[in-house]
1. Looking at the structure I just gave you, is B:Ala214 out of contact with any strand residue (DSSP E or B) (no Cβ under 6 Å at 6 or more places or on another chain), part of a helix (DSSP H, G or I), under 22 Å from B:Gly519 (Cβ atoms) and not aromatic (Phe, Trp, Tyr)?
2. If you go through the range B:32-62, how many residues are facing chain A (nearest Cβ under 8 Å) and hydroxyl-bearing (Ser, Thr, Tyr)?
3. If you scan the range A:317-351, which residues turn out to be free of Cβ contacts under 8 Å to residues at least 40 places away in the same chain and aromatic (Phe, Trp, Tyr)?
4. In the range B:63-82, which residues are within 7 Å of chain A (Cβ to nearest Cβ) and touching a strand residue (DSSP E or B) at 6+ places or on another chain (Cβ under 6 Å)?
5. Residues of the range B:123-138 being out of contact with any Gly (no Cβ under 8 Å at 6 or more places or on another chain) and either surrounded by fewer than 17 Cβ atoms within 10 Å (Cβ to Cβ) or not aromatic (Phe, Trp, Tyr) (or both), which ones?
6. Run B:Ile373 past the list (1) over 19 Å from B:Ile289 (Cβ atoms); (2) buried (at least 19 other Cβ atoms within 10 Å of the Cβ) and report the number of the one that doesn't hold.
7. Among the listed residues B:Pro316, B:Pro325, which satisfies the condition of being more than 28 Å from the chain's Cα centre (by Cα) and part of a loop (DSSP other than H, G, I, E, B)?
There are 2 protein chains.
Amino acid sequence: MAKNQALASNMGVDYVIVFRYATTDKAQAEERLEDMLERLSNAGLATEVRKGENHSVLVFVKIGSSEHMQAEIYRNRVKDWIHGVRSQEPAMDTDKSLEQDPLTEAERLRTIHGLITHIRDEGGAGITPGKGKWENVESVFALHDHNYNKEWIKKWSTQYLLTPEDLDEIRDRMGEKIAFYFAFTQAYFTFLAVPAGFGLFAWLFLGYYSAWYAIVASLWSVVFVEWWNHQEQDLATRWGVKNVSGIDEKRKEFSPKHVVDDPVTGEQMRIFPARDRLQRQLLQIPFVIAAVLILGTLISACFAIEIFISEVYTGPFKSVLTFLPTLILTTGLPFLSSILTKAANSLTDFENYETEAQYERSLTSKTFVINFITSYLPLCLTSFVYVPFGKVIVPYLNVFSVACRPFVKDGKQVQCPTSSQFDINPARLRKQVIYFTVTAQIVNFAMEVVVPYLKRQGLMKFKKMKTERQEKKSGVAVRSAADLDPEGETDFLARVRNEADMDVYNVYDDMKEMVVQFGYLALFSVVWPLAPVSFLINNWIELRADAVKICVEMRRPTPWRADTIGPWLDALSFISWMGSITMSALVYMFSNDGLGPDGQPSDITGWALLLSIFLSEHLYLGVRWLVRTSISKIDTPGRQKERRALFSTRRKYMKASLEKTKLAPPPGEKADDITRNSLEEDARQASLHSATPQEKFWDRQRGWKEAAKMGRLFIERDNDDVDDARVKKEL
Amino acid sequence: MAKNQALASNMGVDYVIVFRYATTDKAQAEERLEDMLERLSNAGLATEVRKGENHSVLVFVKIGSSEHMQAEIYRNRVKDWIHGVRSQEPAMDTDKSLEQDPLTEAERLRTIHGLITHIRDEGGAGITPGKGKWENVESVFALHDHNYNKEWIKKWSTQYLLTPEDLDEIRDRMGEKIAFYFAFTQAYFTFLAVPAGFGLFAWLFLGYYSAWYAIVASLWSVVFVEWWNHQEQDLATRWGVKNVSGIDEKRKEFSPKHVVDDPVTGEQMRIFPARDRLQRQLLQIPFVIAAVLILGTLISACFAIEIFISEVYTGPFKSVLTFLPTLILTTGLPFLSSILTKAANSLTDFENYETEAQYERSLTSKTFVINFITSYLPLCLTSFVYVPFGKVIVPYLNVFSVACRPFVKDGKQVQCPTSSQFDINPARLRKQVIYFTVTAQIVNFAMEVVVPYLKRQGLMKFKKMKTERQEKKSGVAVRSAADLDPEGETDFLARVRNEADMDVYNVYDDMKEMVVQFGYLALFSVVWPLAPVSFLINNWIELRADAVKICVEMRRPTPWRADTIGPWLDALSFISWMGSITMSALVYMFSNDGLGPDGQPSDITGWALLLSIFLSEHLYLGVRWLVRTSISKIDTPGRQKERRALFSTRRKYMKASLEKTKLAPPPGEKADDITRNSLEEDARQASLHSATPQEKFWDRQRGWKEAAKMGRLFIERDNDDVDDARVKKEL
């Protein structure tokens, strides 16, 4: 079988399970493997095993019984319906249900994933990778569809804009969670045209720190965030995933405090009181303080060292020492960040959430704090500490001169300038912004796409060389997993082993990158208005590079659903708000068209700075409210669809009910009939004096015709002096 | 029949329709009346007509056909179910549905109201009071249940706190909309205990303008608003009205721009584009500006006159002239407010909303602006204009001395003091706050409860006197509606005529009053910390007085539903936010414990004022976020109920589906059978070389047992140098 064929065919395999037994007792591993295979089979899945690399077994899984598959689809759709994701109850007959609502590739894979991982009470095999009894199950993943991947990359790399249909395609293949990332990045990319265009104009004609640019950028950020909020809901409706975040995917790690039998349903309830969790969540406060202090100290220290070296220090090795702070930062920051991220993970574990969504939200908010500090603190320090207070602080940097005395050979003292001697360097801020918006983006791209590719290639070469050397040394061919491959499957299995070795794609990281980028734009781009132009170019490439990354460097991701980009939306909103503060402060402090102090700290007055921040912030909030209200009123295809569905359902029931009532004789006629036929009977009853006042009251007029007659009389005789007695008699 | 009996019995009447034909041609009126009676009868309602006062006919309505009633209940419940208000589809058999979910008095009355007012296509009689063809229909109202009312007032006036059961009772009787008002006021009253207690403490020990009091009050306002937001949702679940605001009660006045046939459902769609509406809504901006200018000018002018007279003017008539600004305000403000309210109404009409809810929301936001200005602008002027800029402005008040020159007899010039001569009067602000929080509350109570009562009594006496005088003059008994009353119904009909004369209860006004009161507390109470004590007392009475008002002075309100207090929640949130700004500014400007400038304008520095506002506001926003997050995590009975209902529905479906799959033979066994029985057949197929690589791949191991066997082999032989050949052969 040629290699191309191996890429073309997935042998009908739906999922591959990697079972690794390197650190487990062999007998136990065998038992576990057998248990797993039996469970898979009972869940209606067919299996094949093959040898994997490094003490592992590859278990290939495909649908064996369509009943189980259909039942799982039905159960999932019922769950959706109960949580309001679907508006119609799915038919018990799945064929019919599938006809109305065909299965996408994503739903198919998700359903099979459910069969493998759901608990047995819900019809699954109950296999939870890496957890408890299933610690040997290293991973569960689907195989790439290389034909599709090829087409996908080809298509995207040749078109300028992605169409909604391209996003639908992603959704059908990769699930809504990943589709939301691409939809967001695409929307962000399209919106970027505005600040990029205006930024270019501002750079050419308005100069740096233009108030006009700040206003346009702020307004843009509001409109973009609010528009996305709206668009997201529309996409959720379009993709039929509205309210999906309400479906609580239970966390397996959740440990309840009490297990109580529900008095009503008799079901076991696993309870962890909200109070207890709130107490644990209070730990977030010291966590955030610690994060701010730790990262803040490192960044501030490096910042101080850098200023000292570049603007104060005049001793030897200056050219070498300039790199010292960068060195400290690039080694120290990732190290501290990873420690803090670990702490955030443990803290979130400790908070003991019941559902995956809650867990993720809590974790995101913590990592957002870390990211916020590492990304924006350096720029904040330059603009809000170095510029206004530089003259006050720099003299204290003398402490460093003590540290560098040993390097000073000729006894020359490194002396900090006094306040009056020192002048701030206004270009420093711009340089920093250019670094973060251009250099860092390129470095990031390289780290994300190019480096892993080279690493993989290198690793493969290294492996091959090692094997060859061993073989040369021992003279015997080194045994590999491939030796046991059945005939004709070698290429296919090699491909599977390769995919099993790949990393897991985490859409979270890509999303984070976009949000951080948005932050530079919303918070600091007034310093260098070309920033959005750089982002525009970067994101065009980024979108395609991410597609390539998913196809080539990562395992095929499980197609999870989502109805929102989740906590990132809050982050965007928060950043855009902060932007109204930083932008106005920067414009006030640095702009020099007659009003601003042009970055001269002596000219900055507290009340003017605070007033511009105060006005700008409240203007921002007002505009945001207006934009939000206006956008919420825009009708979208998704909403129309929803409304139409509701309307037609309602009309159906309404019609049925109305027809049913129409079959009954019109009560007006009936009442009339009664009047005519049972008049005597009624008279008799009345004469018996058994009638209550109430009965008498309602018996005066029989049917609407009599009532109408009396009404006519009342109206005619009104203000008329003719005999009331006659009217009264009629009553 | 004694009067008590007349009060006790409603004669089985469900609704009374007042048909007034004073200004209509008699023939036309008769025709319309007849049409109305026919329609009512066709909708399944029994009718009786009696003569009303002043050219009117009273149409009594009760359920005539239970089929129509049940069909209407069914249709309403289906509507609820489709909009997610009910979680379960209602049974077509209404008896069964009623057994599960019994009819409350409120639902019964609302259903009958629906039969009268819903369009004929939906099974109603299509009578819309006062609109178009039905302009003669003055009102549609239910009769008071005097027995219940008596008990209600007795119960409430003897208990200190209202229980949740009391509120449930209100909900069952008056509907959720009114119940929400009482629930809110009760919650607000209970919460008031905290600032009232601390306010008393602050007044005794901390003095005015205490920062501690400001912090407690701000914190309290955040907690209260957020808690109510949470509580409201819980109440909505408890009362089964969640999402009820999503049910669009269509406005009859809505005039569409296009009427299009929907291509999918074939239904007529009445469309008014959101763009067009947005354009019309832009008129809100000039409206708000006009309101601010008009009311602002009046209030500022009166304010200036008042200062001039009380603190500058020394001429004659000073004691009389002091009342001049009050006179202008009390006549001018209601006049201008009512003009602006009318303008707000027309503007909202012009905005042409499709549903009642949208209309109400838009109208509320406009009247909120008017209320905000009239209620808080005077205090804002004193604290933020008079105090800091008094010295600058007062000399300009000289203009008034020109106006009062004619009054000055002895040629003495009224001369404004110059800046240096004039001293601000720090007690002015406190006096104003006391006026708004005590005097105005009492006046308000009197205007709301006492005055209408006296007015009614007076009017009745006046009518009687007039009739008596006429009779004396003409010697003939003046004919009244009562003369035509059938025997034994006189007292009852007199009562009905009386109720028809009453005002319509508007829960909106009562709600507004509470929100405005909350505003004084959140914005200005730091000036006089006893304000919450005054409110606490006022609200205890207010709650009972409102109950009396509904029972005695108003027609029985139609029991509308609601799932929120609606736009007022936004107003509360906005006020509480503003509070963080005003409170901090007041504390900074007036507190004198060593830091503040003690109200001496010369000591107020711009940056310190702005910094305290900036810090306080952001602290407020941070705390609000924390409180909101914490409160949203609290589990409530309503939520538990909802979750349980979802869970049990899901379990039902899940069980059914699982049992169905279990009936199918376990596919593992099946696969095994195939292996054993058709082994030869497969071998033959394979030998025919017709098998694809994929078929071959999946045929290597038959069933999970064979797969497990191979897996065991892989694990056992791993890192073992014994014959791979044997393993390979097994494959």
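1. On the way: out of contact with any strand residue (DSSP E or B) (no Cβ under 6 Å at 6 or more places or on another chain): yes; part of a helix (DSSP H, G or I): yes; under 22 Å from B:Gly519 (Cβ atoms): yes; not aromatic (Phe, Trp, Tyr): yes.
Taking the combined requirement at face value, the residue satisfies it.
2. Looking only at that region, the number is 2.
3. A:Phe323, A:Phe335
4. Applying the first criterion (within 7 Å of chain A (Cβ to nearest Cβ)) to the range B:63-82 yields B:64-65, B:67-68, B:71, B:74-75, B:78-79, B:82.
Matches in the range B:63-82: B:Gly64 only.
5. Here is the first cut: in the range B:123-138, the ones out of contact with any Gly (no Cβ under 8 Å at 6 or more places or on another chain) are B:123, B:125-136.
Matches in the range B:123-138: B:Gly123, B:Ala125, B:Gly126, B:Ile127, B:Thr128, B:Pro129, B:Gly130, B:Lys131, B:Gly132, B:Lys133, B:Glu135, B:Asn136.
6. (1)
7. Working: B:Pro325 fails: part of a loop (DSSP other than H, G, I, E, B).
Sole residue among the options that is more than 28 Å from the chain's Cα centre (by Cα) and part of a loop (DSSP other than H, G, I, E, B): B:Pro316.
So that you can scan it fast, the table gives a plain yes or no per residue for (1) part of a loop (DSSP other than H, G, I, E, B); (2) at pLDDT 90 or above; (3) within 23 Å of the chain's Cα centre (by Cα); (4) away from chain A (no Cβ under 14 Å):
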| site | (1), (2), (3), (4) |
| --- | --- |
| B:Leu103 | yes, no, no, yes |
| B:Gly114 | no, no, yes, no |
| B:Asp121 | no, no, no, no |
| B:Ala125 | yes, no, no, no |
| B:Thr128 | yes, no, no, yes |
| B:Lys133 | no, no, no, yes |
| B:Asn147 | no, no, no, yes |
| B:Gln159 | yes, no, no, yes |
| B:Leu162 | yes, no, yes, yes |
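The values are calculated or read from the model by the stated rules, or taken from the named source; none is laboratory data. The structure presented is a predicted model; accordingly, all values stated were derived computationally and were not measured. With ideal geometry, Cβ positions are generated from the backbone for all residues, glycine too; neighbour counts draw on all protein chains shown.
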